[in-house]
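Visitor: A single structure is presented below for examination.
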Amino acid sequence: MAKKALCDNCTALCCRYFAFPIETPKNKGDYDDIRWYLCHKGITVYVDEGDWYINVRNKCKYLSEKDQRCKIYTDRPRMCRGYSPKNCDFTDGTYGYDLHFTSDKQMQEYIERKFGKAAAKKTKSRKKKQKIRK
Ligand code: SF4
Ligand code: SF4
């Protein structure tokens, strides 16, 4: 009997999201922009070793739900080819995030703690005015 590969025991966790770096927020407006990302479904934001990332939870359209396999395996993108089960979501699933935001409310509270409640409200009302002017 052929030896089972690690991926055979996994539900293809690595094919269900993608993440990319974003600029480190510098002022309350930047933090509020991140709050806006977090208003969207399936978005989380995390900080790892001081770098900020946005995580988009959205399954790859080439992942077969029938057998959790890639439908374009031999032609999969470079990003997928470079991903190794030696150090992946399944084998090394515990990440030590510096910060991890899973909702806009969480970011709102963080802004209030970091800049004070009044500052967070001011940014909010300025954004509202900009929207009305459009
Ligand atoms: S590389 Fe890791 S996360 Fe991806 S399918 Fe294989 S075991 Fe699962
Ligand atoms: S192309 Fe294949 S290996 Fe790459 S994310 Fe999609 S299903 Fe996974």
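The values are calculated or read from the model by the stated rules, or taken from the named source; none is laboratory data. These figures come from a predicted structure and were not determined experimentally. Don't worry about glycine lacking a Cβ; one is built from the backbone with ideal geometry, like all the others, and counts go over all protein chains shown.
Visitor: Out of the residues in the stretch 43-80 that are under 21 Å from Ser103 (Cα atoms) and among the hydroxyl-bearing types (Ser, Thr, Tyr), which is surrounded by the fewest Cβ atoms within 10 Å (Cβ to Cβ)?
Guide: Residue satisfying both the conditions and the ranking: Tyr53.
Visitor: Considering every residue within the stretch 12-25, establish whether at least one is at pLDDT below 95, within 16 Å of ligand 1 (Cβ to nearest atom) and farther than 28 Å from Met107 by Cβ.
Guide: Yes, the stretch 12-25 contains at least one residue that is at pLDDT below 95, within 16 Å of ligand 1 (Cβ to nearest atom) and farther than 28 Å from Met107 by Cβ.
Visitor: Of all residues in the stretch 26-60 being farther than 19 Å from Lys105 by Cα and either without any contact (Cβ under 8 Å) to a residue 24 or more places away in the chain or out of contact with any strand residue (DSSP E or B) (no Cβ under 7 Å at 6 or more places or on another chain) (or both), which is nearest to ligand 2 (Cβ to nearest atom)? Outline the logic, then answer.
Guide: Quick first cut of the stretch 26-60, residues farther than 19 Å from Lys105 by Cα only: 26, 48-51, 58-60.
Subsequent filtering for residues that are either without any contact (Cβ under 8 Å) to a residue 24 or more places away in the chain or out of contact with any strand residue (DSSP E or B) (no Cβ under 7 Å at 6 or more places or on another chain) (or both) retains 26, 48-50, 58-60.
Numbers: Lys26: 33, Asp48: 21, Glu49: 24, Gly50: 27, Asn58: 11, Lys59: 8, Cys60: 3 Å.
Only one residue fits best here, namely Cys60.
Visitor: May I pose another question? Within the stretch 69-117, track down each residue that is out of contact with any strand residue (DSSP E or B) (no Cβ under 9 Å at 6 or more places or on another chain), aromatic (Phe, Trp, Tyr) and either within 12 Å of ligand 2 (Cβ to nearest atom) or not in a loop (DSSP other than H, G, I, E, B) (or both).
Guide: The answer is Tyr73, Tyr83, Phe115.
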